[in-house]
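Asks: Have a look at this one before I ask anything.
The values are calculated or read from the model by the stated rules, or taken from the named source; none is laboratory data. No experiment lies behind these values; they were computed from the predicted model shown. Cβ placement follows ideal geometry from the backbone for every residue including glycine, while neighbour counts extend to all protein chains displayed. Ligands, DNA and RNA are stripped out before the accessible areas are found, and what is left, the full protein with its side chains, is counted by its heavy atoms. Shrake-Rupley method; radii C 1.70, N 1.55, O 1.52, S 1.80 Å.
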Amino acid sequence: MTTLDLQATAARNVRDVGGRQYTSMLVRTFIALMVRDVRVLQKQAVVFVVRTVMQPFLLVFVFGYVLPKIGQGPQRFADVLLPGLIGTAIIFQGIQAVALPLVQEFGFTKEIEDRVLAPLPVAGVALEKITIGALQALIAALVVFPFVYLVPSTKPHIVIDWFHLVPVLLLACFVSGALGLAIGTAFSPRQVPLIFSIIVIPVTFLGCVYYPWDNLHAIRWLQVIVLANPLVYVSEGLRGSLTPQFGHLPWVAVYAGIVVALVSFTFLGVRAFEKRVVS
């Protein structure tokens, strides 16, 4: 039997129970998959912290500590970097926690076949991937913040706007998981290097991590093009929530960009996931 046949059989067996029992079964299965992934994360806690912290730590150490100390960098650059580096940690946690493992699961490990045998629709398995990716992205943001705040020679001046910080942070985390799902279902194991060359590098350098979006007004064509980058809205949203003194995109644009990215990546990722399972 194919993976699709096995999954269809498991789904039919679950649907034989009553409506409330069926819903309860779906919820319990979803939670069980989440718990399994959390336990795996606990066992890899050291690796998780190292891969999450390394790039932001080095960037803020060089640009926020070394260069100002030797008189070759702007003294308040850490204020600009702080929200951008947190946004980068969030977005790329989706690639590290969802996309790369998913490429392997669809490739040589075939672990995905075990997951889709769970009494849960294929789309439900895909949404669990997004959710666990979002959870890891949130943890990554909390882990990175102390480093990007404490390492610079001059501490960043932050003014926390909790009203916007909480929704922006949560939405950004789910965008991260959805992006990871979309990428993980689009690339084969042999194409993994392309993920970094055509996605990671451009998204990072053109994601308003090292500069506010408003400062691009001198290069109008670039200021418009980067609006296709989801990291721009995450960085600008966090900038408006943490360091508003530099200005940021209007809140309507921030939320609209993040929500559009979330819906688009979720739709594309779930649809591609279902096709990969069927094929």
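Asks: Given Cβ point charges of +1 (Lys, Arg) and -1 (Asp, Glu) and nothing else, what value in debye, to the nearest 20, does the dipole of the chain about its Cα centre take?
Replies: Charge dipole of the chain: 220 debye, to the nearest 20.
Asks: Which percent of the accessible heavy-atom area of the stretch 95-210 goes to carbon and sulfur, probe 1.4 angstrom? Before the final figure, lay out the partial values.
Replies: Details: 3510 of 4770 Å².
The value for the stretch 95-210 is 74 percent carbon and sulfur by accessible area.
Asks: Å³ per residue of the Cα convex hull, for the stretch 93-219? Don't skip to the end; give the middle numbers.
Replies: Details: hull volume 19.2 nm³, N = 127.
Measuring per residue, one finds 151 Å³ for the Cα hull of the stretch 93-219.
Asks: Further, regarding this structure: Normalised by the empirical 2.2 N^0.38 Å for globular proteins, what value does the Cα Rg of the stretch 148-279 take?
Replies: Numbers: Rg = 16.4 Å, N = 132, 2.2 N^0.38 = 14.1 Å.
So the Cα radius of gyration is 1.17 times the expected 2.2 N^0.38 Å.
Asks: Further, regarding this structure: Under 4 °C and 1.567 mPa s, how fast does the stretch 31-175 diffuse according to Stokes-Einstein, given a Kirkwood radius computed over C-alpha pairs? Answer in µm²/s, whole number. Walk me through the numbers before you get to the answer.
Replies: Working: Rh = 16.8 Å.
Rounded, D is 77 µm²/s.
Asks: Further question: Output the relative contact order of the chain, whole-number percent, from Cα pairs under 8 angstrom with separation of 6+ residues.
Replies: 26 percent
Asks: Measure nothing but the geometry: give the 0 to 90° angle between the long axis through the Cα atoms of 162-184 and the longest principal axis through the Cα atoms of the chain, rounded to 10°.
Replies: Helix 162-184 sits at roughly 50 degrees to that axis.
Asks: Separate question: Rounded to the nearest whole Å², what accessible area per residue is found for the stretch 145-279 with the 1.4 Å probe?
Replies: 48 Å²
Asks: Looking at the P(r) of the stretch 228-279, how many percent of alpha-carbon pairs lie beyond 13 Å?
Replies: For the stretch 228-279, the fraction of Cα-Cα distances above 13 Å is 61 percent.
Asks: State the extension gain, in nm to one decimal, for the chain segment bounded by residue 157 and residue 219, taking 0.36 nm per residue of separation less the distance between their alpha-carbons.
Replies: Fully extending the segment from residue 157 to residue 219 adds 19.6 nm.
Asks: If you don't mind, another one. For a protection proxy built on the mean count of beta-carbon atoms within 10 angstrom, sort 222-228, 169-175 highest first, please.
Replies: 169-175, 222-228
Asks: Would you look at the GNM of the chain, springs on alpha carbons closer than 10 Å, and say which of 23, 204, 88 moves the most?
Replies: Highest fluctuation among the options: 23.
Asks: Another question about this same structure. Using protein chains only and a probe of 1.4 angstrom, how many square angstrom of residue 161 are accessible, to the nearest 10?
Replies: Here the accessible area works out near 50 Å².
Asks: Something else about it: Net charge near residue 254: determine it from the other residues with C-beta under 13 Å of the C-beta of residue 254, scoring Lys and Arg +1 and Asp and Glu -1.
Replies: Local net charge: -2.
Asks: With a point put 7 Å past each Cα toward its Cβ, work out how far residue 44 is from residue 24 in nm, to one decimal.
Replies: The answer from the label model is 3.4 nm.
Asks: While we're on this one: Taking a cut-off of 16 Å, what percent of all Cα-Cα pairs in the stretch 166-240 are separated by more than that?
Replies: 55 percent
Asks: So, by mean Cβ neighbours within 10 angstrom, what's the order for 243-255, 265-277, 185-197 with the highest one leading?
Replies: Ranked by mean Cβ neighbours within 10 Å, highest first: 265-277, 243-255, 185-197.
Asks: Express the carbon and sulfur contribution to the solvent-accessible surface of the stretch 231-279 as a percent, rounded to the nearest whole number, probe 1.4 angstrom.
Replies: On the way: 1530 of 2050 Å².
Heavy-atom surface of the stretch 231-279 belonging to carbon and sulfur, 1.4 Å probe: 75 percent.
Asks: At q = 0.08, 0.09 Å⁻¹, what log₁₀ I(q)/I(0) does a Debye calculation on the Cα points of the chain give, no solvent, two decimals?
Replies: Summing over Cα pairs of the chain leads to -0.37, -0.46.
Asks: Kindly sort 39, 51, 115 by accessible area of their heavy atoms, largest first, with the probe set to 1.4 Å. Mind showing how you got there, number by number?
Replies: On the way: 39 150, 51 80, 115 15 Å².
Output order, biggest surface exposure first: 39, 51, 115.
Asks: Once the whole set of protein chains is in place, how much accessible area is left on residue 142, using a 1.4 Å probe, in Å² to the nearest 10?
Replies: 120 Å²
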